Each structure stands twice: as C-alpha cells, then as structure tokens.
Protein chains: 2
Amino acid sequence: MNPDITRERENATFDVEKLTHILDGGIEKTKRRREIESLVISDPDFQSEDLNFLSRSERYDAAVKKSAHMILKLREYGISDPEEIYCYKSVFRRHHHEALGLHFVMFLPTLYTQCNKQQLKKWVPLAESFKALGTYAQTELGHGTHLRGLETTATYDPATQEFVMNSPTITSIKWWPGGLGKTSNHAIVLAQLHTQGKCHGLQAFIVPLRSMNTHIPLPGVVVGDIGPKFGFDEVDNGYLKLENVRIPRDHMLMKYAKVEADGTYVKPPSAKLTYGTMVFIRSMIVGEAGHALAKSCTIAIRYSSVRHQSEIRPGEPEPQIMDYQTQQYKLFPLLATAYAYKFVGQYMNQVYHRITGDISQGDFSELPELHALSAGLKAFTTWTASAGIEVCRMACGGHGYSRCSALPDIYVNFVPTCTYEGENTVMMLQTARFLIKSYRQASAGHQLSGIVSYLNESERRLQPQSVSSRPTVVNVNDLASLVDAYKLRAAKLVEMAAKSIQQELQKRVSQEDAWNNSAIDLVRASDAHCHYVVVKLFAAKLGEIGDTGVHSVLSTLALLYALQGIQQHSGDFLQTGLLSVPQLSQVSQRLKDLLAQLRPNAVGLVDAFDYRDEMLNSVLGRYDGNVYEHMFEWARRSPLNKTEVHESYHKYLKPLQAKL
Amino acid sequence: MNPDITRERENATFDVEKLTHILDGGIEKTKRRREIESLVISDPDFQSEDLNFLSRSERYDAAVKKSAHMILKLREYGISDPEEIYCYKSVFRRHHHEALGLHFVMFLPTLYTQCNKQQLKKWVPLAESFKALGTYAQTELGHGTHLRGLETTATYDPATQEFVMNSPTITSIKWWPGGLGKTSNHAIVLAQLHTQGKCHGLQAFIVPLRSMNTHIPLPGVVVGDIGPKFGFDEVDNGYLKLENVRIPRDHMLMKYAKVEADGTYVKPPSAKLTYGTMVFIRSMIVGEAGHALAKSCTIAIRYSSVRHQSEIRPGEPEPQIMDYQTQQYKLFPLLATAYAYKFVGQYMNQVYHRITGDISQGDFSELPELHALSAGLKAFTTWTASAGIEVCRMACGGHGYSRCSALPDIYVNFVPTCTYEGENTVMMLQTARFLIKSYRQASAGHQLSGIVSYLNESERRLQPQSVSSRPTVVNVNDLASLVDAYKLRAAKLVEMAAKSIQQELQKRVSQEDAWNNSAIDLVRASDAHCHYVVVKLFAAKLGEIGDTGVHSVLSTLALLYALQGIQQHSGDFLQTGLLSVPQLSQVSQRLKDLLAQLRPNAVGLVDAFDYRDEMLNSVLGRYDGNVYEHMFEWARRSPLNKTEVHESYHKYLKPLQAKL
C-alpha cells in the first residue's frame, strides 16, 4: 500500500462503509452487490486479455463470448432480478458495452409490452432461449430524433397476407442499432405502415434477418457493421437495407394497433402507452451519469493523492498534486456532482416505479411531468458528466491519455448518452415545452402542483426591481436558502423565455418561428430548472441521513455543489437580482474554504463508491496507489513490444537510410 | 453536388477566394500552398487504406512508410522551407501524427542549437541523413512539468572520460517521448549531471539506443512502446530505462554548459537561451487550435446544411438543421473562434520571428512578455478548441460518433495539446505570475509597456463604485467599445487576484501559500487577459482588410465572438460594473440577430478555410454534400464485414443456443 494513500484514509473524518450503504440503498443491498461482484471477479471465464491490446474484431469476439457465458451463469446462479442482472453485467462489462445489450434492453421488453397473446406465446420463448437474437431498428441513415420522418415502409399485401418491407432510399437504411450488424438474427423494425392505399404511420414489425440455422442473411436483407466509432468497439452497430422482404401479417406487433386479414387498419386506444420504456431508459441514464463521474473521480482523486509534482514551498519535497487549489477546484466540485447525480438517479428510479404502478392502474396523470423531467435531467446530467470525465482525465496530466488510466474508455463509452435516447438539445427543448405550458397555466391563474409549482409564485415574487434596491434574501452559508435561490432563478429564466416568445409573436411571426427564435432562452430555462431539481434533491437527501459524520461531509459536498453552480452561473444570479456583488465575493471565498475542508475526506469519499480494482480497471485508480510499477508492467505487454524490432524498420527505414 | 449546399454557396455575400488569401497571408501563398497540396494528393504512394480499419501495429507501419516516402519526396521536389515542409506534412498526415515527428521538431533543432562546433560536425550529417533517428527524452514516469524533479542521472567517470547514464528508480523511467518506443536509434536524454561529487542540474546528452546496423537495443537500454493511448495510434510513444549505459564525454551537448576531461563543470553564460524553442512550439499550438477548430466547423457546418431533421413549421418539409437557432448558437460562435485563433496564430508567428531577430542580436527585452503570452494563449486556445471540437462533433448527432466523420480523430489528436508542452493550468499560472508582477510594478508607479500596459490605468480607472451609479460606457454594437470592456475586465480580475494574495498574506501565511490559496483567482485573471488579447487582435485584423464584403462578414464574426464571450462570462462583466442588467439583455438579443445574419454566409466562411476533401477525410464534411451514399460505401468496407458470419457465432452463440 502506498503510504500517501494510507495516510489519506487515516485522515478521513467519517465512516466510509456507512456512506457506501447509503449509496447502495441499505446494508443488505451492499452485501448482495458485493456477493454478485465476487461471483464475476472470481470466475476464471471472465478473466480476459486487456481489450486495449486487441483489434476491433477480437474485441467484438471477446464481448460475444462474455455475453454467452453470462447467460449461462445467470441461469446457474438463479439471478433473475433486473437490478441484480444489471449489477452482474456492470462488473464484467467494466466501462464497455455488452454484445447482446439491445436484446435485453429493447428486444425483449418490446415483445413483452407490444405483442398480443398469440405473439407472446410464439416469440417470448424464442427470445428467452436466444434462438431469436434480437435488436431494435428505429434510427435511419437520414433520420434520427424525428420519428415521423422515418422512411422504411411496410406495405400490406392482402393477397398473401404479408407485409412487404422496403428501404426505398439511401437515407432510409436503418443505421446504428447495436447488435444489428453481425449478432442478431431478428430485428424489431419501425416502419411506415401502408395498407389499403393509406399510410397509417409508424408501426413495429418483427423482421427475421438471418437464418436461425446458419446465421446467413436472408434474401433481400442487406445487413452489416457500420464501421469503427468513437468507443463502442465491442458492439456491432449495424445497417439494414430491406429489399422487398416479405413477412407474415402476424409479424406486426399487434397488442394495440392492428391490421386485419383484409388490410383494415385498427387504431390503438392510446398514444401514451409507448411512453414508459423511453422514460425508464432516460431515468437510468441519469444514474449512469453519476456512475461514470464517480468512476472518473475515483481514478483522478486517488492518483492526485499519490502523484507528487512541482513545488508550493521552495526546498520542500514535491507536494501531492491534490494540495494544489486548482486541482481541488477541478476535482471536488465534480465529486460533489457525482454524489448529486447518484442521489438524483435513486430518486428517478423510485419515482419511475411509483408512477409505473399508477400507469398500470390507468392513471397517467404524473407521466407528463416525469417525461419532461427525465428528458431534461438526462441532457443536463450527461452533458455535465461528459465534460467532467474529460476534466478528471486531464487532471491526471499525461498519464490520463494512456488507455491504462481507463479514463479514455470511460469517456468514449459514456459520451454517446448525450446523443442517444433523445439528442440533448432536443431533450432540453422538450422540458422547456412543459415549463412554458406550465408557466402559461400559472399565469392564467391555474394552481400548479409537483415540481413546477414554483411557477405559481413567479408572478407574485419576481417583480422587476433594480439590483441595488432589492432586499437580499440569500444566505450563502445556508443550503435551504441556496435551493430557494436556484428555484427563483429557474422561475425567472422560464419567465424570460416566455417573454421572448411573446416578443417574437409581436413581430407577427408564427408560433413555431417564435419558438425557434427563442430556443436559446428555452434551453437556458430548462437548464436552470434541472439545476434547481438537482440541488433540491441533494438537499432533501441530507434529511434522510442519521449518521453525524456522514451527514457532515455530505452537507459540505452539497454546499460546494450549490455554490460552485452559482459561481459558474453568476451572471444569472446577478441579472435576476438574487445575489449582490458583495455576496458573490463571499461565494468565492466560501468555495475556497470548502475545498480546503473537503481535502482530508476526498479519498474517503471516492472509496465510498466502492469500485473494486477489477471493475475500475485503471492503473491510476488502484486502491493501493501503487501506480508506477503497474504502468510499466502494463506497457511492456503492448502488442508493439512483441518484437524488439518492428518490421517497418526493415521495410522502410533501412531502405531509406540506404538511399540517402 | 447536393442542391442544398449549392444554394448555400449561392447565398454567400462575399468573395470566398479573397478571404482564403487573407487566411493564407496573400494570393501567392494560397497558390503555393495549393501546389504543395496537389503534390501530395496526386502522389499514388500517399494513397492508403483508411487508418480506421487498421490495427495499431498496421497504423504505425503505415505512418513510418509515409514518413520515409515524404523524406525522399521533399528532396526530390527541393522543398526545404520549414513552412512549406509543414504544409506538405499536414496534407498527408491529415488529422494524425507523423512517425518521425520528434526527429524534425525536437532532435534536429536541439542539435542545431545546443551542439558545439565539433558536435555539429559529427551529429548533424548523421541526423540529416536519418542514420541517426532521434527523439527527445525529457518527461519521466513520475515527473512532468517540474523539470528540477527529473531523476535520470548522468555521472561523469574521469577514468574513462564517460558519462554513466542511469534510471535509478521506477519513477525515473523516461516516458511518453514520441518515436522513442520503436523508431529512434538515438535520444537526447535530459539528466541530472553529477561530476566531482556534485549535482549540476539538468543537461542534455545524446544517448545511442539501438544498433545503427540491426536496430536492436544496445546493452543496458530497456526501450519499448508505452501502449495504446487516446489518439496518437500511429506514434510509438516510448519508455526508456537506462541501466549503467556508458556514453563518451562528448555526448553531452556542450555549446553552453561543459564538463572538461577531468570532470570540471563549466556553467552556461545565460539561462534564457533555451527559452526560444519552447515559446515557438507554444505559439505554433495556438495556430493549431485555430486549425483544428476550423476543420471541425467545416465538417459540422457543411453537414448541418445538408441534414434535414424534425420540423419548425408543421406540414412543411424537414428543415436543414442549420435553421435551428440552437444549432447556430452551437456552431457560429465556434466558427468565429476558429477565425480569431487563426489570426492570433498569424500574429504570434510574426511576433516570434521579430523577437527571434532581436534575440540573435542579444536583445532579450521582449522575451518575458512573449513567454507569458504564449503560455497563457496556448492554454486558453487549446481548452476552448478541444471543447469546441466536441461541440461540433455532437452537433452532427449520431453520425458525429462514426469514425467516418473524422471528428473523433480530430479530437483525440488535438486534445493532448492541453497537456503537452506545458500543462494548461500550469501555463495559466505562469501567465498570472507575469500579470501579478506587472500589476505590482504599475502599482509602484512604473509605467508598463506592451500588452499589459492596461494595468497602468487600473489604479486610476477601476475605482470601486456601486453597480447602479457607475456610468455606462460600453456600447454593445461597437467592437472597439467591447475590446475596451474586455480590457477593463482583465484589469479588474488581475487586481482581484492580487488582492486575494494580499488578504492571504494578512493571515500570516507564506508568499507561496498565499499564491496557492489564490490560484483559482489567478487562473481566472489569466483567462480574462488572454480573452482580451484575442478580441483585441481580432479587431486589429479587421483594420487590415480592404475588401468590403469580406470586411463586413468578418466584422459580424468578430462582434459575435466578443458578445458571446460577454454572455458566457456575464457574471464578470456585471460584477465589475462594466455592464448593466439591461445591457445584458441587449447582448442576448444582438447575439440572436448576429446568428441570423451569419446564417447565409456560414458555408462560405468554412469554404474559405479551403480544406480539400482529401485532407479533411470526413464523409460528413464533403465539399459536394453527398453524405449518405458515401457513408454507406465506407461502412461496407468495415473489417467486420469481410465475412457474412463472424466466427464468434460458431464459437459462442450456436453452442449457447444448443445448451438452452
């Protein structure tokens, strides 16, 4: 054990294990999680070569191998609870993705929720036994977010009772679905349904892609891998071009909408029914943002405690780089953010499960709010976390660029969350739509409930006042007061966005153009709303914590989180008159004090995330802090070191020298 | 040609070719650049497979091949001007790095500048004929920025007149130098010189690493590749462990410091002499930041003009995504930034050459200012450009993640500039040291000259005044007035940082601790200083432009750049009383107007950067806008598509299906 990191652990002022229980949701959950992790870590079939040394084809191969092995093991151990499966996967995947990911996350759930009874009977056993290996093909080469723009067609032919599936243009080729390229033999394909000479919009169809015996693509199916990407090396994201592929009528998923034998289209009862999965996945991503940032902070903070560099005081030994205020200022607010997002993730998970209960009882009332919240928070958290991972990586100096730090992998495999499951700017605008609607309702005298209830007050409280004359209400040392400031900022920015739309309308532009011409303000309002929600939930979490030591350190983190946000957005707080110039100086000073206060607890706080070395897979983030000897050992295994002299010397350099 | 992009070009209000000449520095330079580019592009030996489809070893192989070929071609064409060589390289390298990069950038220049006459006679011919293939080994596993901390030793043995080179610890292993792992047979090694029982600090030594006949590492030399990284796949960054390696006395570079035969150490005449190269490389990086951002903007803006998505007005066709205000707000300020950095790069280049002239005359007076400026601007521009590349990438939606967009390559190969040649935070603090020193001189009544002369005024003009009573001087429509606002902001933030140090000192902490406890403020001050310099230089550039159309569009860009910076840092401008709250609303509105105003010129402005498709190597950034058919074609060449059925199916999936 590196003595520096031992000393850090001795200096912690709180019980790390207790904080781990809070993060897991209880002591029993910690215990069970660790049991599952040990199952994977002790399993010799999950030990593999470092993926960084493999070619893409080898990485894909290794991922398929692990997925196949996992399926057998989960059965063997009888693990079937989704949370436990998720935990099991996250250990062996490390920062990477699973080859059969979409089979579990999209193919099976879609079958469960959109098949009618006969279809369930046929497809679920095939999918659960992995005879049908499936994916979900929605996005097209020329079409992403805007589902109505999708071009793939399914034209019903009553003569044979079949749908004829086609990709009529280059832009209609299905593009991006994970597992589509090489792994899947079936896909749920989203296509425009044409029957009786009319288009009825998007429907989902089960399309066989490859022979279930030979895995060779079926006639009319042009399928393959879309090529290398930024991350996701082990996933065969694919393309699919359908050329007059005929599928039986009962391959359309018919729980809701239907096409009868003669081609008659029957409408679904409600459009909201397909909402659920999307909301769930976005909520999950919020937790993932906390997870990715927590891993990155663990690596950067442990490394910062063992790396010595430069000098603060001349003549003294090189200090730990964590002693530099600039290093603390980079890392500690991100550490606070990781905690915040982990708690928000827990909250979203709870709300989702509560509302799912309501929905199954036919009560959709809370769905719009959750839908809006999950969209905005997904964007808000993934943007911050992505940028934060890079800050952590660069805070490790040169070594953060080495693949052995794991930080490049964490980044490239997390950053796509900014784009998939709803492009972030589009997500922010969805939330803005809900906020503006709520604001207008409040302005019209309706009493709002739920998370946007603060908009009720805006008319009353946000009178235009000059900055200097406004009474100062915010106490920069009091978290509740800061939550209030974030709330008022959100209210003000929603109001400003609404007013921008109003002003545009006065120029006689259309509603739609007024919306687009105010989009910058709308995104800003959504951002402020999400920021308020995160600060509020962090503060609320503190109320649940009994242990004094843990409560104290988390309170410091929460305060740091809130104050740093104010400093970063100081313009908003000054502009809306919520903070005065002297208070802003107080914020700066208080922030510095909090950094110094957190310094002795930084390693304890990342230890509490409880990532085992086998999961973190980072030489810089090792629990024992013995970084350098392991970097050297890792480097020696680089494929370029297999021979002393690389063949390029004989091929190019020696001949060059001979010519000159 | 895609009709959308054709229409964009027709709408441009200025002469694109004229702007290209300005960027190149004159019509003749444009012509010559294009000639050189054509030499590479038409050369069949530079056509190679897409690097994205190759393994790391193959990529390294391809890079060595190209470098060897380049050396022969440059001789054949008689290209020897450094700028022309740089241009030639940048075409065939595309976004990647050259295998022999450090031989040219560090090995040769160090020989030229630090060899004495006999050494020049021996080493330069060996290096220029590539018999000696060299690199520059400074950074160690445990030591980067802080040169005094380096541990490698060179102990003089007068008995044999040799230096004994050693890596005494794990942390002293040389780590990171490009070309060290497999390519180089020599390295200039920085080591602590020990002679006559005393350490004389760092000196540079030429250490033979590999046999010049067989390329096999010499006895005592443990050398190899440090393994895969985030980018730089084609470079063999290496490690070097020296175990009692003996080199003759005349392998120490002895132009300045010397060790005589008996071991007597002779001091160099001035410490400033080694400054130059460092300043030059940092200045170059500023230009590179403009270049990387310009390439990214070209890709994202061209793609935004041909990608159609969603709807602004219901019922109308899907608009070009560039019509969304949010998309304009992401891309146009970055486009303005790319122009700004290109102009700053030109300026730095001119200043460097002017000052180099002075230095060769023994006049070092301007060096400290250039040193400080190049450090801060290197940090300022590389941080912004790195984040900006990612914004461009994500503005391309899902396809930005595909390697065929080239954006992942641009990012991973540019972002290391934030860390190498001086870690950015350390660079910012170096600039801060100069600013604080200047501020103190001004406060003591000395009249400052040069770029920091604004600090003369700070005492006089920056009286504390309440925000509301302060007369409003800034005109948000006038660039000169905005330059002034940036200047006053910088002055104020330098003053705040100085006061923070003062306050810390009053707490009776040491100078060094006071500095560290104010580091956040110091970085912020440097950032404001650099921002001021960039805005100022952009405004100054406008004065040189005669053509009305070009002047008009660049003025719009400059105003956008200045106003967006104010919006992003609105807290600073409000806090320092330079802007009032109503003015901030004006800034927001004006920004929106400028985005709309630039919209028709966006494609023209990226066309003016004049990157040929062969250099951009991006399917999304194609000049003809025909994106989708080429994406499909590219994807089909993915190595995973070489077989219809991947072997992992037979190895894992079929057996799995059989077991369930």
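The values are calculated or read from the model by the stated rules, or taken from the named source; none is laboratory data. Note that the structure is a prediction, hence the values are computed from the model and not measured. FYI the Cβ positions are ideal-geometry reconstructions off the backbone, even for glycines, and counts take in every protein chain you see. For the accessible areas, the whole protein counts, side chains as well, though only heavy atoms, and no ligand, DNA or RNA atoms are used. Shrake-Rupley method; radii C 1.70, N 1.55, O 1.52, S 1.80 Å.
Across the range A:47-60, which residue is most open to solvent (accessible area, probe 1.4 Å) among those that are more than 20 Å from A:D225 (Cα to Cα) and without any contact (Cβ under 8 Å) to a residue 60 or more places away in the chain? Checking each candidate, the answer is A:E49.
Conditions tested, residue by residue: (1) outside any strand (DSSP E or B); (2) without any contact (Cβ under 8 Å) to a residue 60 or more places away in the chain; (3) open to solvent by less than 10 Å² (accessible area, probe 1.4 Å).
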{"residue": "A:G179", "(1), (2), (3)": "yes, no, yes"}
{"residue": "A:H194", "(1), (2), (3)": "no, yes, no"}
{"residue": "A:H215", "(1), (2), (3)": "yes, yes, yes"}
{"residue": "A:G224", "(1), (2), (3)": "no, yes, yes"}
{"residue": "A:D233", "(1), (2), (3)": "yes, no, no"}
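What do you reckon, is B:H569 within 11 Å of another protein chain (Cβ to nearest Cβ) and of a type outside the set (S, T, N, Q)? Yes.
Residues in the range B:410-438 that are in a helix (DSSP H, G or I), more than 9 Å from every other protein chain (Cβ to nearest Cβ) and surrounded by fewer than 23 Cβ atoms within 10 Å (Cβ to Cβ): B:N413, B:Q430, B:R433, B:F434, B:I436, B:K437. Only one of the numbered conditions (1) within 11 Å of chain A (Cβ to nearest Cβ); (2) modelled with pLDDT of 95 or more is not met by B:L147, and that is (2).
Scanning the range B:310-327 for residues being facing another protein chain (nearest Cβ under 9 Å), touching a residue at least 40 places away in the same chain (Cβ under 8 Å) and either open to solvent by less than 20 Å² (accessible area, probe 1.4 Å) or not acidic (D, E) (or both) gives a total of 2. Of the residues screened, B:H69 is one that is assigned to a helix (DSSP H, G or I) and within 14 Å of chain A (Cβ to nearest Cβ). For B:E288, the criteria (1) closer than 24 Å to B:C418 by Cβ; (2) not in a helix (DSSP H, G or I) hold in every case but one, which is (2). Considering the range A:388-399, and only residues there that are in a helix (DSSP H, G or I) and out of contact with any Phe, Trp or Tyr (no Cβ under 8 Å at 6 or more places or on another chain), the residue that is surrounded by the most Cβ atoms within 10 Å (Cβ to Cβ) turns out to be A:C392. In the range B:477-494, is there at least one residue being more than 9 Å from chain A (Cβ to nearest Cβ), surrounded by fewer than 15 Cβ atoms within 10 Å (Cβ to Cβ) and either among the aromatic types (F, W, Y) or under 27 Å from A:Q564 (Cβ atoms) (or both)? Checked against the condition, which is being more than 9 Å from chain A (Cβ to nearest Cβ), surrounded by fewer than 15 Cβ atoms within 10 Å (Cβ to Cβ) and either among the aromatic types (F, W, Y) or under 27 Å from A:Q564 (Cβ atoms) (or both), the range B:477-494 yields no hits at all. The condition (being under 22 Å from B:M278 (Cβ atoms), outside any loop (DSSP other than H, G, I, E, B) and not aliphatic (A, V, I, L, M)) is satisfied by just one residue among B:T145, B:T113: B:T113. Those helices (runs of 4 or more DSSP H) of the range B:602-646 in which 3 or more residues are away from chain A (no Cβ under 14 Å) occupy B:602-607, B:613-616. Regarding the range B:120-130, can at least one residue be identified that is polar (S, T, N, Q), within 10 Å of chain A (Cβ to nearest Cβ), over 21 Å from B:M278 (Cα atoms) and in contact with a Phe, Trp or Tyr (Cβ under 9 Å, 6 or more places away or on another chain)? No: zero hits. For A:G201, the stated conditions do not hold, so it cannot be described as under 22 Å from B:Y628 (Cβ atoms) and either part of a strand (DSSP E or B) or facing chain B (nearest Cβ under 9 Å) (or both). Across the range A:165-176, the qualifying residues are those that are open to solvent by 10 Å² or more (accessible area, probe 1.4 Å) and outside any strand (DSSP E or B), and the one among them that is farthest from the other protein chains (Cβ to nearest Cβ) is A:P168. Scanning the range B:564-582 for residues that are under 19 Å from B:L493 (Cβ atoms) and part of a helix (DSSP H, G or I) yields B:Q564, B:G565, B:I566, B:Q567, B:Q568, B:S570, B:G571, B:D572, B:F573, B:L574, B:Q575. Scanning the range A:37-60 for residues that are in a helix (DSSP H, G or I), within 12 Å of another protein chain (Cβ to nearest Cβ) and over 25 Å from the mean Cα position of the chain (by Cα) turns up A:D45, A:F53, A:S57, A:E58.
Considering only residues of the range B:506-534 that are within 9 Å of chain A (Cβ to nearest Cβ) and out of contact with any helix residue (DSSP H, G or I) (no Cβ under 8 Å at 6 or more places or on another chain), which is least open to solvent (accessible area, probe 1.4 Å)? Checked the range B:506-534; the qualifying residue least open to solvent (accessible area, probe 1.4 Å) is B:S510.
Restricting attention to the range B:23-33, the residues that are open to solvent by 50 Å² or more (accessible area, probe 1.4 Å) and free of Cβ contacts under 8 Å to residues at least 12 places away in the same chain add up to 4. Within the range B:148-164, the residues that satisfy the criterion of being buried (at least 23 other Cβ atoms within 10 Å of the Cβ) and either assigned to a helix (DSSP H, G or I) or under 33 Å from the mean Cα position of the chain (by Cα) (or both) are B:T152, B:A154. Among the residues in the range A:292-304, are any at pLDDT below 95, of a type in the set (F, W, Y) and part of a helix (DSSP H, G or I)? Checked against the condition, which is being at pLDDT below 95, of a type in the set (F, W, Y) and part of a helix (DSSP H, G or I), the range A:292-304 yields no hits at all.
Let's see how each residue does on (1) of a type outside the set (V, I, T); (2) over 27 Å from the mean Cα position of the chain (by Cα); (3) under 30 Å from B:E128 (Cβ atoms); (4) open to solvent by 30 Å² or more (accessible area, probe 1.4 Å):
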{"position": "A:L605", "(1), (2), (3), (4)": "yes, no, no, no"}
{"position": "A:E614", "(1), (2), (3), (4)": "yes, no, no, yes"}
{"position": "A:S618", "(1), (2), (3), (4)": "yes, no, no, no"}
{"position": "A:G625", "(1), (2), (3), (4)": "yes, yes, no, no"}
{"position": "A:M631", "(1), (2), (3), (4)": "yes, yes, no, no"}
{"position": "A:N641", "(1), (2), (3), (4)": "yes, yes, yes, yes"}
{"position": "A:H646", "(1), (2), (3), (4)": "yes, yes, yes, no"}
{"position": "A:H650", "(1), (2), (3), (4)": "yes, yes, yes, yes"}
{"position": "A:Q657", "(1), (2), (3), (4)": "yes, yes, yes, no"}
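The single residue among B:A99, B:A63 that is open to solvent by less than 20 Å² (accessible area, probe 1.4 Å), touching a Ser or Thr at 6+ places or on another chain (Cβ under 7 Å) and either β-branched (V, I, T) or within 14 Å of chain A (Cβ to nearest Cβ) (or both) turns out to be B:A99. When the range B:181-192 is filtered for residues that are within 30 Å of B:A68 (Cα to Cα) and either in a strand (DSSP E or B) or of a type in the set (A, V, I, L, M, F, W, C) (or both), the ones remaining, listed by number, are B:H186, B:A187, B:I188, B:V189, B:L190.
Keeping to the range A:496-523, report how many residues are of a type in the set (D, E, K, R) and within 28 Å of A:K378 (Cα to Cα). Give the steps one after another, and end with the answer.
At the first step, the residues of the range A:496-523 found to be of a type in the set (D, E, K, R) are A:499, A:504, A:507-508, A:512-513, A:521.
Next cut, within 28 Å of A:K378 (Cα to Cα) only: A:499, A:512-513, A:521.
Total satisfying the criteria: 4.
Among the residues of the range A:9-36, which ones are among the acidic types (D, E) and in a helix (DSSP H, G or I)? Matches in the range A:9-36: A:E10, A:E17, A:D24, A:E28, A:E35.
Out of all the residues in the range B:246-256, is one or more free of Cβ contacts under 8 Å to residues at least 12 places away in the same chain, touching a strand residue (DSSP E or B) at 6+ places or on another chain (Cβ under 7 Å), open to solvent by less than 40 Å² (accessible area, probe 1.4 Å) and part of a strand (DSSP E or B)? The answer is no; no qualifying residue exists.
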